[in-house]
Amino acid sequence: MKPKISVIIPVYKVEQYIHRCVNSIINQTYRNLEIILVNDGSPDNSGAICDELSNQDKRIIVIHKENEGSSSARNNGLEIANGDYISFIDSDDWIELNMYEVMINHMMNNHLELVECHMRRKRNAQEKSFNDEIRIEDVNKALERINVPGFYNVCNKLYDTNLIGNTRFIHGKIHQDALFNSEIYKKIKKIGFINSYLYNYNEENESITRSNYNQNKIDAIDVMLKVKSNILSITSKKIIHDEIRINILRFLLIHYQSLNDFPELDIDFSIRKKIKKLIKEEFRLKDKNLYATIAVLTNVKIYKILHELNKKRIRYKQKRVLNNLID
């Protein structure tokens, strides 16, 4: 018998999307699936729809639980999963009908523990053209490619169940995908990559990552620093180290600026002081001209990031906020 894939889907306030998501899974060309719908205390009709879907397809298992967030829902799914392989899908997204067949064939033919594909984010936008190439990358090559927005996502990947082992998602944290995957990458030497869009991301549905700045986002600072530590422990390649540092700097600058916009979240300035200290330690900043210093250290890359972050702000405020980082 063909190996089984357990598909774990956290469900919360997605009554208008859940049918599209589940239909894209039950109609896969690869049939040996265990589909675990975890209703995370959704206040709309999502839970009832899950029960209805389970009556229509015996491969569907439904868990109903109190709302604790997608990390908890995914962990609940992992506890009961019986598959040889694990896939995580967000319930407002959908997948191409051949995704699992392509992935598992690549996985089995090459004795891989992890395979991933491209994620389509904007269907109406100009997309890059990919050649549907299927390849195997060592962890260094994979990290060069992965270290861009989107590739830390768990949803465009297929995992060997034994690879995941006891690794779990951290409860209540933003960027849980990045932390989970950084722990997984520490365990492997190679990754399978499918150079085509097989996963479709829904940008219509609001999520916590697009909501107003809040305490949950502040808590994510420590998560991303742990991700950085994990990735730097995996590889010694300078290009990856440099890119990680650039991404962390971008991340910290966004938080610093957001706290200036929402000062009630940092009344005593303690968080902004922490961010300033982290940036100064990371880049050994002494020059008060933050623009010039960072531009030199990062070959102008961060200068462009700063410009992008602040393009909607008036110039004098932009300089004042950023220069205050090292006062």
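Laboratory data are not the source of any read-out in this text; all were calculated from the coordinates shown. As the structure is a computational prediction, the values presented were derived from the model and not from experiment. Glycine also receives a Cβ, built like all others from the backbone with ideal geometry; neighbour counts cover every protein chain displayed.
For region 72-122, the Cβ-based charge dipole about the Cα centre amounts to some 200 debye (Lys, Arg positive; Asp, Glu negative; other atoms uncharged). Put a dot 7 Å past the Cα of Lys280, heading toward its Cβ, do the same for Met108, and the two dots end up 5.8 nm apart. Exposure proxy shown here: for Met1, Met107, Met99, the number of other Cβ atoms within 10 Å sets the order, fewest to most, as Met1, Met107, Met99.
Peptides 34-40, 265-271 ranked from most to least packed give 34-40, 265-271, packing being the mean of other C-beta atoms within 10 angstrom over each peptide's residues.
Maximal additional length on extending the Arg59-Lys4 stretch stands at 18.7 nm, based on 0.36 nm per residue less the C-alpha distance. With both labels modelled 7 Å from their Cα along Cα-to-Cβ, the Asn23 to Asn82 distance reads 2.9 nm. When the pairs Lys58/Lys226; Lys228/Lys273; Lys173/Lys280 are compared against a 30 Å limit on Cα-Cα distance, Lys58/Lys226 fall above it.
Annotation for Lys190 and Asp242: the two label points, set 7 Å from Cα along the Cα-Cβ direction, are 2.8 nm apart.
For Tyr152, no residue has an amide H sitting under 5 Å from its own, ignoring neighbours fewer than 5 places away on the same chain, with H placed 1.01 Å from N.
Residue exposure proxy: Lys65, Lys189, ordered by other Cβ atoms within 10 angstrom of their Cβ from fewest to most, comes out as Lys189, Lys65. Amide H contacts for Gly172 (H built 1.01 Å from N in the peptide plane; partners 5 or more residues away or on another chain; cut-off under 5 Å): Ser71, Ser72.
Look at Tyr85, Tyr256, Tyr213 and count the other Cβ atoms within 10 Å of each Cβ; fewest to most, that gives Tyr213, Tyr256, Tyr85. In sequence order, region 231-245 has phi-based couplings of 5, 5, 6, 7, 9, 10, 5, 4, 4, 6, 4, 5, 5, 4, 4 Hz under the Karplus curve 6.51 cos²θ - 1.76 cosθ + 1.60, θ = phi - 60°, and Gly or Pro positions carry x. For Leu198, the residues whose amide H sits under 5 Å from its own are His118, Arg120, ignoring neighbours fewer than 5 places away on the same chain, with H placed 1.01 Å from N.
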